[in-house]
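**Q** Pasting in a structure now, in structure tokens, and then I'll have a few things to ask.
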Amino acid sequence: MAQFDSTREDAKVAELHHREEEALIQRTATQQGYQYADLGDVSIDPEALQLVTEAAARRAELVVFKHGNQSVSVAVRNPLSPTTQEILESFQKQSLEPIVYVVSLSSLEHAWERYKDIKHTAASAHGVLDVDTERIAELANKIHAPLDVPELIRAISSENKADSTSRALEVIFGGALALKASDVHIEPESAAVRVRYRLDGVLWDIVDFEPHPYQKILSRLKLLSGLKLNIHDEAQDGRFTFDVGSRKVEVRSSIIPGSFGESIVMRLLDPDASAFKLDRLGLNARLDEVMQEELKRPHGAIITTGPTGSGKTTALYAFLQSVHSPEVKIVTIEDPVEYKLPGIVQTQVSDGYTFASGLRAVVRQDPDIIMVGEIRDREVAETALHAALTGHLVFSTLHTNSAAGAFPRLINLGIDPRMIGSGFNVVLGQRLVRRLCEHCRVSRETTTEEQKLIARIMDQPVALHTIFDAKGCDQCGNSGYKGRTGIYEAIVITEAVEAAIIADPREHNINEAAAPQNIPNMQQDGIMKVLAGITSLDELERVVDLSKKEAVETTTPEASDTAFEDHIVS
């Protein structure tokens, strides 16, 4: 006698009930003029699912299962329900046309279960991407060079799992942290999507992957950054945080439209990668002595100059840390606040709070020390110098190619040269060069031409020297370099320099007036680091023009505005 299998029979009954329910819903939908769907047979996009929280979806009895460029596919139990209508209208306000499907309750329950498959949903809604600490540690052990990342990303991009987007981002960010990348670039091309890391100031190709996962990655990053999902032809900027254990890494995201899709660049602000200490900047002995003295002064302006990415913000933060104490009040105006500094009041510019208006407000806050992220125009320059002349120590930056270039730049903005000479304490010019990898650098003797170059820059005869070249090994990702340091020049505002600023503020004249200070210029500081084996001559030539006696050509303040633009690096 055959044994009765109750489990199998129950499954048959359940399947019969499901078919009857679906048939009934399909007839009802057709009669009322709606489309029908069985979500058990539909691929549900995890990114679309997250457009509505699980709680809101259950309350309105709906689910978003597909997201197009200008539309969303929404499965609903009752299209006329007020809570359903409210969510549909919210999509329309975002220029997303809802395509409505009527579905059964069991269909919705099946879809709602997918929320459990998606990690990080709640965190994403608050601009936080949770990254598993153990996973990051695992990645750090696996990833030692840029070539270690492609296999991990390609393996994930070939999968079709609900959490594949999160896992891909985990590898991208984990790899960036392991390799100490400052920026992550994700760039769609005609047949692939390219991921690049900026390592020690240089972009490295990391991996190309198939285009199909990119839209999900883009949507996730937009959600995290608080950006509009339906905007594809405008630039958007945002920021988010991801946690690595107790450590919070800030990410500034920038998205622009491109020929093959939106291009993403993310700046990683990792607190563990930052060294805001004066002795970590790479100042030579003479300049360190100068800066130690200047930072003790109670008032005046200390300005750092250089192009974008030359380490100006790091230098300012090191200055702030050096002067910080419970006895002084420090207020900053930044665009944006990049790193949180304990004990310091940090403010960020916005539409209603500019550098100029913020600076005017800050001086009423009884500060001892003020940091202004950048002097961009006459109003900011005048207000900053006025603060420096009225008892405040002011730190700021200018985009010029040299320390001496700061003075004609300010005069070009309309600042009185006498005010500049009285208000400034010191101007620092800087660049960043890559450090040679100590594990694989190769020593050699200088050539005759290199000896002549070094003698000209150092302004004295030199003997044969041993210098080092980059080679490449597993420790440095075969680049030959690991980490960066600064090369610097500085001009202290003495009576002689002040007289030159007032009489003839061409860079050559200002440099001549500053010569007795015996502070090495940027070329000389770079050569000293080459001779010390810190960097290579090739790397120095990549960053600084060594063909000229001085780093930049001179320019008169009477020249046209166009000539003065040569001092600005955007």
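**Q** Give me the extension gain from residue 289 to residue 277: residue separation times 0.36 nm, minus the current Cα-Cα distance, reported in nm with one decimal. It would help to have the intermediate numbers written out before the result.
**A** Details: separation 12, 0.36 × 12 = 4.32 nm, distance 1.47 nm.
Roughly 2.9 nm would be gained on extension.
**Q** Next question, about the same structure. Mind listing the phi-derived Karplus ³J(HN,Hα) values for segment 447-462, rounded to whole Hz, using 6.51, -1.76 and 1.60 with θ = phi - 60°, and x for any glycine or proline?
**A** 7, 4, 5, 5, 5, 5, 4, 5, 4, 5, 5, 7, 6, 6, x, 10
**Q** Ok, one more. Which cross-chain or sequence-distant (5 or more) residues have an amide H under 5 Å from the amide H of residue 403, H modelled 1.01 Å from N in plane?
**A** 429
**Q** Another question about this same structure. Once Rg and Dmax of the Cα atoms in Å is worked out from the coordinates, which option in (i) 33.2, 115; (ii) 30.1, 116; (iii) 36.1, 108 does it equal?
**A** Derived directly from the coordinates: (ii).
**Q** A 30 angstrom limit on the alpha carbon distance is what I want to check against. Which of 66/180; 180/296; 277/329; 180/277; 228/482 exceed it?
**A** Working: 66/180 36 Å; 180/296 33 Å; 277/329 19 Å; 180/277 19 Å; 228/482 38 Å.
Pairs exceeding 30 Å: 66/180; 180/296; 228/482.
**Q** Let me ask something additional. Hey, can you rank 61-69, 462-470, 89-97 by average C-beta count inside 10 Å, highest first?
**A** Listed from highest to lowest mean packing, they are 61-69, 462-470, 89-97.
**Q** May I ask for the angle, rounded to the nearest 10°, between helix 6-31 and the longest principal axis of the chain, with both axes built from Cα atoms and the value confined to 0 to 90°?
**A** 80 degrees
**Q** Using a 10 Å cut-off around each Cβ, can you sort 180, 482 from fewest to most neighbouring Cβ atoms?
**A** Taking fewest neighbouring Cβ atoms as first place, the list is 180, 482.
Quick note: the coordinates plus some simple rules give every number you see, no bench work behind them. Model, not experiment: these values are computed from the prediction. Note that we place each Cβ from the backbone using ideal geometry, even for glycine, and neighbour counts take in every protein chain shown.
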